[in-house]
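Inspection log for the structure reproduced underneath, given as structure tokens.
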Amino acid sequence: MKKFSAIVIAAGRGKRMRSRTTKVLHPVAGRPMLWYMVALAGRVADARVAVVIGHQADRVREFLDQSKADFEPFDVVLQRDQFGTGHAVQQAQAVLMPNGKAASRSCLILNADTPLLSRATVQRLLARHEKEQATLTLLSTDLPEPRGYGRVVRGPNGHVLKVAEEADATRAERAIREVNAGIYVVDTSFLFKALARVSRQNAQGEYYLTDVVGLAVAEGRKVVGLKTPDSEECLGVNTREHLAVVEEAMRHRIRSRWLNAGVTMPDPRVTYIDDSVTIGMDTVLYPGVTLEGQTRIGAGCVIRSASRITNSLVGKAVTIRDSSVVENAVIEDHAVIGPFAHVRPGSVLRKRSKVGNFVEVKNTDLGAGSKANHLTYLGDTTIGKRVNIGAGTITCNYDGYKKDRTTIEDEAFIGSDTQLIAPVRVGKGAVVGAGSTIMEDVPAHALALSRTPQVTQDDWAAKRRAYQSGTSSSKQKSAPSSRGRKKAKTLDPRSGSGMTAGGSGMTERDNESC
Ligand code: UD1
Ligand code: CA
């Protein structure tokens, strides 16, 4: 006969969270707390696993469906009305006792709100249960502040007598510091027989699972209380304050895991790593880095302060400079990003490519060795290899109705302050002069320029200064006018016209260092 089935009870609403989201879906280090419990149940059970859901069942079921690949197979059971923890466990009877026969000798029961519980502790509990041949073994711990928990009441010889829920406890019971962690191993056949006898005659009008403890004692069966010194593991999340405490403890554990795996963090306390993230050896995470979701970071990367990387694949030896955001993107080996870069969903930055200061990239494939170093927006763009994107380039991908793509082929050179109006293609090796608005395809190896020719007037500035200071004899005479048709290229130094054209207007040549 198989040894252990498991039941995770996750149907409760979690009123004390004061949330529109059911408690078990609140994330801890990036995963809903339920995730940890279902994963743990699957790892330790050799028979069936049942997850009891109820409040916001559709959302919880959806989450379980999406995460199925992370877990051993399990059955979902619905507790339509939340009449208490005992009632919740009862709903799993059909799964754990198919045709009235127990699927396993014993059954592990896990509250779904204790995500810090470790596999090692559960395994100790299961081993103890087996060794003692107990009917029921429960996990307990001493808490200096036991409020909110059920108290473990022991007799004079130290044997467990019952669990007293706080709402029903006597003064003396409330003074007990040993609390019930909500984690039990119970003989399967006994469990469901006992649950049938549990009543709602208590302060909360609920079917308490904890009443099963007293019933086992009353039948003279063996009940064991395993007290763990690690009370942190037993923290049950009922409020947002508890959630914050559990979150911090979980993050601490995750950081230790990666520090021990060869990741450097100068200040781990302010480095945030989700449980789902993986990080390669010799990567350095500076203070204020956040790594979220399905993110994988390769070896030897440097990620500077205040950068956030979400659901992204980052290769080896990638540098991400300060205050950059990378979301749902792929960054290949040796790429350099930031500071202050935003790499948005659907982007692929290929090997040794560079995305620099104040550059935003969306749904764009930036080819190997290509660079967009300054003040640029690249949206819905395919860029070949060794392309240089000059400062201030913008792909105009949206016409107010739909988005179009821009394609820039290998080794093309886009001068600074260029707008590329999509859909448009710049051919291989082509050059686009700075300050151009490109609306038509540029053939390979061509030059495309679209800007007004430059006007240069000798001594214009000197004349203007003279006019301003009143020393010019020409003050009374008519100054050369830019408006005069015959002197179309003459700008009037008195009017200041032309001054606003300022700036150095880099040429494509000036831009070669970009
Ligand atoms: C429970 C225990 C308490 C223990 C504490 C440990 C009972 C009666 N009390 O109290 O002794 O110290 O856990 O954290 O068991 N649930 C359902 N259906 C329901 C009610 C609850 O599935 O009808 C689930 C919840 O989703 C949750 C778990 O059971 O995962 C515990 O429920 P909760 O209300 O948090 O119980 P506590 O008051 O913490
Ligand atoms: Ca609880």
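Read-outs throughout are calculated quantities, based only on the coordinates presented, and are distinct from any laboratory measurement. As the structure is a prediction and not an experimental result, all values here were calculated from the model. Don't worry about glycine lacking a Cβ; one is built from the backbone with ideal geometry, like all the others, and counts go over all protein chains shown.
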Trypsin sites (Lys or Arg not before Pro) within segment 68-110: DSSP coil, no more than 12 neighbouring Cβ in 10 Å
Arg80, Lys101
Compare the Cα positions of Thr290, Ala249, Ala39 along the charge dipole of the chain (+1 at Cβ of Lys, Arg; -1 at Cβ of Asp, Glu; about the Cα centre) and return the one farthest towards the positive end.
Thr290
The chain -> Rg/Rh from Cα coords, Kirkwood Rh, value 1.23
At a Cα cut-off below 16 Å, give the aspartates and glutamates reachable from Lys101, other chains included and same-chain residues fewer than 8 away excluded.
Asp187
Relative contact order computed over segment 2-234 (Cα-Cα under 8 Å; 6+ residues apart), in percent
23 percent
Thinking of segment 257-448 as a set of Cα atoms, what percent of all their pairs are more than 21 Å apart?
47 percent
Ranked from fewest to most other Cβ atoms within 10 Å of their own Cβ, Thr395, Thr382, Thr22, Thr452 fall in the order Thr452, Thr382, Thr22, Thr395
Derived scalar couplings ³J(HN,Hα) [segment 10-23; Karplus, 6.51 cos²θ - 1.76 cosθ + 1.60; whole Hz; x for Gly, Pro]
9, 8, x, 7, x, 4, 5, 6, 6, 9, 7, 9, 4, 3
Taking the Cβ of each residue in Ser370, Ser256, Ser189, Ser450 as the centre, tally the other Cβ atoms inside 10 Å and list the residues starting with the fewest.
Ser256, Ser450, Ser189, Ser370
dims of segment 113-165, Cα set, principal axes, largest to smallest, nearest Å -> 31, 29, 16
FRET efficiency for Lys428 and Arg451, Cβ-Cβ distance as r, R0 = 25 Å, nearest 0.05?
0.60
With equal scatterers on the alpha carbons only and no solvent term, can you work out the Debye log10 of I(q)/I(0) for segment 2-234 at 0.11, 0.14 1/Å?
-0.50, -0.85
For segment 46-64, list residues with backbone N below 15 Å from a point placed 7 Å from the Cα of Arg20 toward its Cβ?
56, 59
So how do Asp282, Asp187, Asp380 line up by other beta-carbon neighbours within 10 Å, fewest first?
Asp282, Asp380, Asp187
Residues whose modelled amide H sits under 5 Å from the amide H of Val76, counting only those 5 or more places away in sequence or on another chain, are Val51
Measuring from label point to label point, each 7 Å out along Cα→Cβ, what is the Ser67 to Val302 span in nm?
3.7 nm
In debye to the nearest 20, the charge dipole size for the chain, taken about the Cα centre with +1 at each Lys and Arg Cβ and -1 at each Asp and Glu Cβ, equals 980 debye
With R₀ set to 51 angstrom, the calculated FRET efficiency between the beta-carbons of Glu219 and Met281, to the nearest 0.05, is 0.35
